[in-house]
Each structure stands twice: as C-alpha cells, then as structure tokens.
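So the structure is just underneath, and the comments pick up after that.
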Ligand code: ADP
Ligand code: ADP
C-alpha cells in the first residue's frame, strides 16, 4: 500500500475576491522506497502540497492517507506524533542550533522522545557515520562547511528512523560539487535504508538523481514520470 495517498486534495487560501486556489484536486500516491522529485514553477503549489504531506497544514477538501490512515481524522496530538515518529524534514537553510555540537544537534529529536542518554549518543553517532561525518561530532555548525552542515541536518532527520523524508530544496544553498555529495547521501539512504524521499527542487540536475519526477503547475500535477537516475560526479 502507498505510504502517502492524496485523493482529490484541494487547498484554498483566503476567500471572496482574494481567494487563491493553491491546489485544485491533487491525486498523488507515493509507495515505500520511492525517491520522488517535486518540481514546477513558483506558485504552482509545491510548498502547499509539501506542507500538507508534512502535516503542517490541512487540505480544504479531499483526503490525505498516511499508511492508510486518514490524517484529517486525527487529532492535533496524533498528527504531532505522526510527524515526530514517522516523518523527517530537511530544509534549504540547515536550521541547526548554532552553539550546539553536531552530535547534540542530531540527538535533539531523541531528547524530545525521552530516549536514554547512552542510546541517544549511540544512535546519533551512527547517523553521523551514515552521512559521512565521523570525526566531526564535537564541531559546532560554524566550524563545518555548508555541505557538512546539511549532512548534520540529514543525520538529525534520520536519527528517529522516519518512514518518509521530506527535503525542501536541500541543495539550494550549495555549489554544484557539494550538491552532488548531498545527493549521494540521500540516494544511499533511499537505496540502502529504504527511506522514502520526497524532495522539492528547482534544479533539473538535482531532480535527475531521483527515480520519479512530479511537476506542479497552477495547483495541478502537470506531469508525473519515471526517471532513470543519472549519477554525476562519482
Ligand atoms: P517557494 O516559491 O519557495 O515555494 P513561496 O514564496 O511560494 O516559496 O512561499 C514561501 C512561504 O510563504 C510559504 O510557506 C507560503 O505558505 C507563504 N506564502 C506564499 N504566498 C503567500 C501569500 N500570497 N500570502 C501569504 N503567505 C504566502
Ligand atoms: P510553490 O511552492 O510551487 O511556489 P505555493 O504552494 O507556495 O507554490 O503557492 C501556491 C499558491 O498559493 C500561490 O499563488 C501562493 O501565492 C499561494 N499561497 C501559498 N501560501 C499561501 C498562504 N499562506 N496564504 C495565501 N496564499 C498562499
């Protein structure tokens, strides 16, 4: 069954003359283990859709099912638990705590979940190892390059073992070579760990790494196509 299942989802902001129909009846299914790029022009509805998928916003009409469960029927607390236990997020700006070590940044989601200290350290170290940051555990963000900071953010997103990782322009602040490094990390998490990934990007070279490209335009899905991933900069 799909991990994500949107059925006839609409989103309307405002009302009357100021009404904006951001999503106009979206059907989208994402299956476990997929790596999907979300593309399309500004204003097309990508952010609105990702906010709904990430349980930050709710549709005006239509249904969002996560692993078969209608998210619209959950309480706010249940949605918060779903976010915390099943979803991971990576952003363009890395959103790390600036005076906190890489290890502690990665441990943070586990502190919220009351995971005991020893297990926290162990899991955070393992996550940092997975993104290739062994030896940088005690560095604070300003001592790390942009690419390394994004790796810390990815480690933080996967330390709670999410079912789905949402990445919003994860390479938007990085140069081409560093972007390729980040895409290698995401590809490895997808292929080796089986994490389902939905990633917004404006860059065709970045979308080219994924196996499926969904294009939004004017609140509809304009195209949804399989892609043969190209691995650049190997
Ligand atoms: P992007 O093009 O990167 O998706 P946007 O400029 O569309 O970014 O939106 C950035 C943020 O501003 C989003 O979180 C969105 O909810 C909010 N936003 C966008 N358009 C409006 C608007 N007309 N009124 C209020 N908030 C908006
Ligand atoms: P994208 O991410 O593809 O740039 P968005 O989902 O941000 O597209 O925006 C889709 C449409 O919804 C745009 O017309 C945008 O201005 C509008 N919009 C987005 N967020 C808001 C908001 N919070 N309030 C009002 N309008 C919004």
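The values are calculated or read from the model by the stated rules, or taken from the named source; none is laboratory data. Small disclaimer: the values here were computed from a predicted structure and weren't measured. A quick note on method: Cβ atoms are made from the backbone with ideal geometry, for glycine too, and the neighbour counts reach across all protein chains shown.
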ask   = Within the set of pairs 6+ apart or on separate chains, which have a first residue in the stretch 40-56 that is under 18 Å from residue 223 (Cβ atoms) and modelled with pLDDT of 95 or more, a second that is in a loop (DSSP other than H, G, I, E, B) and near ligand 2 (Cβ under 8 Å from one of its atoms), and C-beta atoms under 6 Å apart?
value = 45/219; 46/40
Filtered residues of the stretch 41-57 (kept if part of a loop (DSSP other than H, G, I, E, B) and in contact with a strand residue (DSSP E or B) (Cβ under 8 Å, 6 or more places away or on another chain)) = 41, 44, 45, 54, 55, 57
ask   = Within the stretch 177-189, is there a residue that is assigned to a helix (DSSP H, G or I), surrounded by fewer than 21 Cβ atoms within 10 Å (Cβ to Cβ), in contact (Cβ under 8 Å) with a residue 60 or more places away in the chain and touching a strand residue (DSSP E or B) at 6+ places or on another chain (Cβ under 8 Å)?
value = yes
inquiry  = For the stretch 149-166, check the following and say yes or no: at least one residue is within 16 Å of ligand 1 (Cβ to nearest atom) and in contact with a helix residue (DSSP H, G or I) (Cβ under 7 Å, 6 or more places away or on another chain).
reply    = yes
query = When only residues in the stretch 190-234 that are touching a helix residue (DSSP H, G or I) at 6+ places or on another chain (Cβ under 6 Å) and in a strand (DSSP E or B) count, which is nearest to residue 160 (Cα to Cα)?
reply = 197
